[in-house]
Amino acid sequence: MFLTTKISNPNYTPEVFGKTMIINFSVTMLGLRDQLLNEVVQFERPELEEARKNLIVETSQNKATLKGLEDTLLSELSKESDVPLVDNVPLIETLNTAKTKSVEIGKALEVAKETNADIEVNRESYKETAWRGSILFFAMSGLSQISEMYEYSLSSFMIVFMNALSTSRKDNILQNRLRNIKEKLTMLVYDFTCMGIFEKHKLMFSFQMVTMIMDG
C-alpha cells in the first residue's frame, strides 16, 4: 500500500516511522542544480555528457563483475572436497583467473576515476548556470505560499529552461555564452511566471528573484 501527502515536512509519530518506509520525493536546490547541470552540459557539450554516462555504466559493470568474482571465489572455497587445496587444479585455475580479472578491473577503475575527474573539471564551468536555474525555480515555486493558485510544476519549468538554452545568444567565448544563458533564462522565467500572477504580486516576485540570486 502506498500513501502520499502534499505536506512538505510531515510530522509522524515514532510508531508510524517504525511500521512504514518514509520516502521524501521533494526537490532540493542542490539536487535540482545537479539535474539542470546535466541538461546544460548535454545541450552545450553533448560529447562530454555522453562520455560521463558511458563512464557510469562501465564503472557499474566493472564493480558488478568484481563482486561476481568475489562471490565465485567464496563459493569455490566453501565447497567440501577431499582433494588438498594445493592439488585442487580447478580451484587454482579459478583463483588465477579471478586474480587476473581483478587486476584488470582494478586498473580500469583507476583509469575511470581519473577520467571522471577530468570530466567533472570541464562540467564545473557550467555549474553557475545550473545554479541560477535552481534558484529561479524555487523563487517561482515559493509563490504558492501566497496563493494556492500559484502552483508551478518542475516539468513546465524545464520547458522554459530548455527554451532559454536554445534561444540565448551564441558566443565562442564560454563565459559570454554562459552569461547570455543566465540573462535569457532569468527573463523567460520572469515572463512565464508573470503571465499567471496578479499585477500586485509582480514587483514582489521580481524582488524575491533578485534577493535569492544575490544570496546564491
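What to note about this one:
- For Ser168, no residue has an amide H sitting under 5 Å from its own, ignoring neighbours fewer than 5 places away on the same chain, with H placed 1.01 Å from N.
- Here the Karplus relation 6.51 cos²θ - 1.76 cosθ + 1.60, evaluated at θ = phi - 60°, turns the backbone of the stretch 112-120 into coupling constants of 4, 4, 5, 4, 4, 4, 5, 5, 5 Hz, with x for every Gly and Pro.
- Degrees separating the helix 154-167 axis from the principal Cα axis of the chain, which is the longest one: 80
- Inter-part distance where the stretch 107-142 and the stretch 168-216 are each reduced to a Cα centre, Å: 21
- Flagged links, alpha-carbon separation over 24 Å, of Lys113/Lys170; Lys19/Lys63; Lys63/Lys113; Lys79/Lys99: Lys113/Lys170; Lys19/Lys63
- Our Cα-only numbers for the chain put the radius of gyration and Dmax at 25.8, 87 Å.
- Order by protection proxy (mean Cβ within 10 Å, highest first), peptides 193-204, 138-149: 138-149, 193-204
Where a number appears in this text, it was derived from the coordinates with a stated rule and is not lab data. What you see is a predicted model, and the numbers here were worked out from it, not measured in a lab. Please note: Cβ atoms are built from the backbone with ideal geometry, for glycine as well, and neighbour counts cover all protein chains shown.
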